[in-house]
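Each value in this text was obtained by applying a stated rule to the coordinates, not by laboratory testing. Everything numeric here is computed off the predicted structure, so don't read it as measured data. Please note: Cβ atoms are built from the backbone with ideal geometry, for glycine as well, and neighbour counts cover all protein chains shown.
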Amino acid sequence: MKKAPIQFWDYRWKLVSLVILIFAIAYTGKPAAMISGLAFSLLLTFFTGTNPGEAVKNLKTPLYLLLFMSPFIILTPGRELLWQLPVVKIYRESLDLLFTILLKSTSIILIFNALLYKADLTRLMQAMKTVGIPGKLISILISTYRYIFLYRKDLVKLSIAAKLRAHSKRRGFSHLLTSADIMLTLLVRSYEQSERVQAAMVMRGYRGEFYFAEKFKSKFSDKIISLVVLMAATGIILMENLC
C-alpha cells in the first residue's frame, strides 16, 4: 500500500506547523472552536497513519488523571447554580471547565501522537535545532528519551528480584520499606550511570551539544501540508473570535 505524502512530511515543517496548531487549540475557549480543533486532530491522526489502538492507549493516562480530578473540578464554585444537593452545589462554570479541559487535552495529545508516531528521534532533534531550540535542551531531551527505557528495565529487574524474595506490592503498607529500597537502589544506580556516561561522552569530544551530519531537503508537498495545517489553526482562531 502506497504511503500518503503526509507520512514523509519534513520534520522542520511538521514541528513548526503542529506546535502552532497546539497553541491555536490551547487558545480556544468556545465549544465550536474546541470541537473543530478536536475534529481536525482526529483527521490529522488518521492521515498520519497513527495506529488507532496506540492513540487510544496514549489517551488512557491523561483521561484517568482527568477522571481523578473531575470531582474537584465539578465542585469548583461559580455564579450560575445548576443543581443543589444536600452536601454539594454544582455550577455551570465548573461543568464548562471540565468540558474545556477534556476537549483541549484530547486534541493536544492526539497532535503529539501525530508528531511522534514512528518518528526518527535523531531527525526530530535535528529539526528542533534547525528551528532555533537551544542545544542544551535538545541534549536533555535526547538523554531523557534514551535512558528512561533503560531505567525502566532496571526497575523491572529489581521488582522481579524483590518478588523472588517474597516481596509483593499487594500486601499493603507492610512492604513499603522494600519498595522504598527498590527506588533508592534505582536512584543510586542512575546517578552512578550518569557519571559514567558523562565521562565517556567527554572523552569522545562531547562539549554540550549534539552535531548532525544530515541535511534536510524540503519538497513542495511539505509546504502544502504545512499550509493546510496553518489554515486549520487560523480557522480555529477565527472561529473562537467570531462565533
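Its Cα centre serving as origin, the chain has a Cβ charge dipole (Lys and Arg +1, Asp and Glu -1) of approximately 820 debye. Spacing of the modelled spin labels on Tyr206 and Lys57, each 7 Å from Cα toward Cβ, amounts to 2.9 nm. Partners of Lys223 within straight-line reach, counting aspartates and glutamates whose Cα lies under 14 Å from its Cα and excluding those fewer than 8 residues away in the same chain: Asp10.
Subtracting the Cα-Cα distance from 0.36 nm times the residue separation, let me have the gained length for Ser194 to Ala161 in nm, one decimal. Before the final figure, lay out each step's value.
Values: separation 33, 0.36 × 33 = 11.88 nm, distance 2.31 nm.
Length gained, Ser194 through Ala161: 9.6 nm.
Straightening the chain between Leu43 and Leu187 buys 47.7 nm, computed as 0.36 nm per residue apart minus the Cα-Cα spacing. Whole-Hz Karplus values for the stretch 147-156 come out as 9, 5, 6, 5, 5, 5, 5, 4, 5, 5 Hz, taken residue by residue from phi with 6.51 cos²θ - 1.76 cosθ + 1.60 and θ = phi - 60°; glycine and proline positions read x.
With charges only on Cβ, +1 for K and R and -1 for D and E, what is the dipole size of the stretch 1-145 about its Cα centre, in debye, rounded to 20? Mind dumping the intermediate values first?
Values: 15 positive and 6 negative charges, 68 e Å.
Value, rounded to 20: 320 debye.
Across all directions of projection, what mean area in square nanometres is found for the Cα convex hull of the chain? Let's see the in-between values first.
On the way: hull surface 80.3 nm².
In nm², the orientation-averaged hull projection of the chain is 20.1.
Judged by the mean number of other Cβ atoms found within 10 Å, the most tightly packed of the peptides 137-147, 14-24 leads the ranking 14-24, 137-147. Among the lysines, which have Cα under 26 Å from the Cα of Lys89 when same-chain residues fewer than 8 positions away are ignored? Within reach: Lys30, Lys104. Positive-end ranking of Leu124, Leu242, Ile22 along the dipole of the chain, with charges on Cβ about the Cα centre, is headed by Leu124. Scoring 47-53, 229-235 by mean Cβ neighbours within 10 Å over their residues and listing the highest first yields 229-235, 47-53.
Within straight-line reach of Lys157, meaning a Cα separation under 22 Å, sit the following lysines at least 8 residues removed in sequence or on another chain: Lys169. The helix-only estimate of mean residue ellipticity at 222 nm for the chain, built from DSSP H runs of length n ≥ 4 each weighted as -39500 (n - 2.57), is -25000 deg cm²/dmol after division by the residue total. Normalised by residue count, the stretch 8-99 yields a Cα convex hull volume of 121 Å³ per residue. The label point for Asp96 and the one for Thr234, both projected 7 Å from the Cα toward the Cβ, are 2.9 nm apart.
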